[in-house]
Amino acid sequence: MSTTTSVVERLRARIGQKGSPTEATVEAGHLKRFVEAIGDPNPRWTKEAPPTFLVALAPASMHLDEAEEYGKGWLNGGNRFEYFEPVRVGDRITATSSVADVYEKTGGSGSLLFIIFETDYVNQDGRSVARLRGTAIRR
Amino acid sequence: MTVQVGQELPELVKHPTTRQLVQYAGSSGDFYEIHYDQVFAKSVALPGVILHGLLKAAFLGQLVTDWLGDRGTLKTFDVSYRGLDVPGKPYRCRGRVTKVEGDDIELEVWGEDPDGQRTTLGTATVAMRS
């Protein structure tokens, strides 16, 4: 128990911490493979990114080694996207993630650790295109 | 077509396969083994390989963008994963209009497993072109 408590404490110390920005270009081939994978045949997605593509373009969470000391595995709890500008083939996107919150919940089936990440996506013109809030769960 | 509260979105039924999970893993860069390695998935107390939450979000995204077309713009899309879904079973995506305020529309969307359990719940807001 003391071990898990200290994992939560160590992770809570990371709230507000930002990861290194990652840059990626929206490539037509990548977009094509992504829309084939999700099975969405809308011709609009040959030029423009569908709603969840940004997560595939640039990671929306930071790697936190100590989180893996908690529980057995990860689950995705949820994702909230806010969209400001369309994302198109050729756009160069910079993604910057941060740890927004960390907390533990104990229920009937045991304890869960929640890590909330926020990611800002900015394009080559310095315009914010989207923001993502993701809930990663250790169980 | 006028958008009204209570209006249902045309249903979208997806038939996810393990092959699709591998395609999604490859194209999204999410190589967590619970989505393609049965032995690994069972070792972390899962029933077997499960769908990526974000793949279910993509299905619900398609539900919304198919319905919306070029009539407006998606502003927010919020999805919460409440249950596990496995490949080989149909996944029904449904939604309805919950609020209309001028050009701003709010939708409730959800994904159902074959037992009718809502394993994914979401909301979307769209701005219609005036």
Each label sits 7 Å from Cα toward the beta-carbon; between A:Ala28 and A:Ala100 the label points are separated, in nm, by 3.5
Residue order, fewest to most surrounding Cβ atoms within 10 angstrom, among A:Met62, B:Met128
B:Met128, A:Met62
For B:Lys75, B:Lys56, B:Lys14, A:Lys47, what ranking results if the residue with the fewest other Cβ atoms within 10 Å of its Cβ goes first?
A:Lys47, B:Lys75, B:Lys14, B:Lys56
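How well do other chains shield peptide A:72-85, expressed as the mean number of their Cβ atoms within 10 Å of each residue Cβ? Kindly include the intermediate steps, with their values, before the conclusion.
Values: counts 4, 9, 3, 8, 10, 5, 10, 10, 7, 9, 6, 7, 1, 0.
Per residue, the number of nearby Cβ atoms from other chains is 6 on average.
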³J(HN,Hα), Karplus 6.51/-1.76/1.60, whole Hz, each residue of region B:82-94, x for Gly, Pro:
10, x, 8, 10, 10, x, x, 10, x, 10, 8, 9, 9
Using unit Cβ charges (K, R positive; D, E negative) and no other charged atoms, how large, in debye to the nearest 20, is the dipole of the protein assembly as shown about its Cα centre?
220
Residue pairs, from the table A:Lys47/B:Lys75; A:Lys72/A:Lys105; A:Lys72/B:Lys89; A:Lys105/B:Lys14, whose Cα atoms sit over 23 Å apart
A:Lys72/B:Lys89; A:Lys105/B:Lys14
What residues qualify as long-range amide H neighbours of B:Asp85, i.e. H under 5 Å apart, gap of 5 or more or another chain, H built at 1.01 Å from N?
B:Leu51
Electrostatic dipole magnitude of chain A [Cβ: Lys, Arg +1; Asp, Glu -1; Cα centre; debye, to 20]:
200
Over the whole of A:29-37, what's the average partner chain Cβ count within 10 Å per residue? Rounded to a whole number, please.
4
Projected onto the charge dipole of the protein assembly as shown (unit charges on the beta-carbon of Lys, Arg, Asp and Glu, signs +1, +1, -1, -1), the Cα from A:Gly77, B:Ala127, A:Val99 with the largest positive-side position is that of A:Gly77
Using alpha carbon centers only, region A:57-110 is separated from region B:51-77 by a whole-angstrom value of 19
If I model chain B as equal point scatterers sitting on the Cα atoms and use the Debye formula, what is log10 I(q)/I(0) at q = 0.09, 0.15, 0.19, 0.21 Å⁻¹?
-0.29, -0.71, -1.00, -1.15
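How many Cβ atoms of partner chains, on average, are near each residue of B:25-31 if near means within 10 Å of its Cβ?
On the way: counts 1, 4, 11, 10, 6, 5, 0.
Per residue, the average neighbour count from other chains is 5.
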Could you check which residue among A:Gly78, A:Gly126, A:Gly39 shows the biggest mean-square fluctuation in a GNM of chain A with a 10 Å Cα cutoff?
A:Gly39
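Would you tally the net charge around A:Arg133, using a Cβ to Cβ cut-off of less than 15 Å, leaving A:Arg133 out, and scoring K and R as +1, D and E as -1?
-1
Laboratory data are not the source of any read-out in this text; all were calculated from the coordinates shown. As the structure is a prediction and not an experimental result, all values here were calculated from the model. Methodologically, a virtual Cβ is constructed for each residue, glycine included, from the backbone with ideal geometry; neighbour enumeration extends over all protein chains shown.
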